[in-house]
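Below is one structure; the comments refer to it alone.
Just so you know, all these numbers are worked out from the coordinates, no wet-lab data involved. Worth saying up front: this structure is predicted, and the values here are computed from it rather than measured. FYI the Cβ positions are ideal-geometry reconstructions off the backbone, even for glycines, and counts take in every protein chain you see.
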Amino acid sequence: MFFILKFVFLRERFSIKKRTSYLVLAILLLKLSFSQDIHFSQFDGSLLNLTPGFTGFFNGDFRVGAIYRSQWQAVPVPYSTFSMNGEARIKPKQLVKDMVGVGLVFNNDKAGDTRYGTTQLYANGSYIFLGKADSSLLFTIGMNLGWCQVGFDYDKMTFDNQYDGVSYNKTTATGENFDWTKFNYADVNMGTGIQYILNQKHKFTIGLGFHHLTNPVITYQGNRLSRLDFKMTNYLSYTTPISRTADIIAEALISKQAKNYEIIPHSSLKYYLNRDDNRAVSGGLCLRAKDAIVFRVGYSYKTLNSGIAYDINTSKFTAATNRRGAFEIFVNYIIRRAPAKFEKKRMCPVFM
């Protein structure tokens, strides 16, 4: 997401005038790039990055998951993104029918020669309301608090001052000054989720996320001019069987941050090898508007869900990417506690 920094810290020799021009260009483009948070094409494989309202929003006791994305390997500034999460759904004795969810989310991405990247750790909490006794209607409200860090590796940078007219000398003073190369900040997000199953056939899921509520400052020069913009995400999902062995899945993710929008519709066909065991394969397409076409395949078995995606770039950046976008893989697994077994008390010695 911060690939433009590559143009500031290239391993080439610029004149002072050229370097200043590139720096100004980078600052202007960075203002835009900050609006692009960590995101995935398989957004349903990383639901807690969409909204903390999905914390504990599953049928089971625990859920663990991870997703990895490698993007733009064909250009000089590829970057990789990794996310993993762990959650628990808890039913306190004080609650008659409602539940609570708790979880942790870890994100990390890195870009370019200087390994410019983001590290995030969020603690999630949610309250899950049982709308109907048969669990056909659920809705939640959730919140998370996060510690985040952005930074770059200063040792991997080179500057024109280190060129002595003949060769590059790493020991020469750079002539540059940064207050620091890593910056820490706190982040607060909120959200909600709704799930409704109509006639045990039509499943609707809606998620709404409100991100960066405090507009945290991100700066390397000690000023407070650069802030992370507020972002809103809308997740919509509809699933229904079209035959005894197949479901159709339709999804959409709509995000808005400052003046920037991202719209990703998705449709897949899920074919069951054994519906009782939820053993199935799936395949479908995503379209990231004005950016990429995404091919997706998936496999599920019981409480295991996994998927692989590949992006083909369709934007004007194809001149650099040669239409090679990103490879992505995820896996989620739900753990259910075995029901407790109690010995039956037999009063008659004959049957003991």
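Values computed for the structure shown
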| read-out | value |
| --- | --- |
| Whole-angstrom gap from region 107-137 to region 199-262, using each part's C-alpha centre | 11 Å |
| At 0.692 mPa s and 37 °C, Stokes diffusion of region 100-145 via Kirkwood alpha-carbon radius, µm² per second | 250 µm²/s |
| Highest to lowest packing among 143-152, 239-248, scored as the average C-beta count within 10 Å | 143-152, 239-248 |
| Environment charge at residue 255 (Cβ cut-off 15 Å; Lys +1, Arg +1, Asp -1, Glu -1) | -1 |
| Around residue 200: net Lys/Arg minus Asp/Glu count, Cβ-Cβ under 15 Å | +3 |
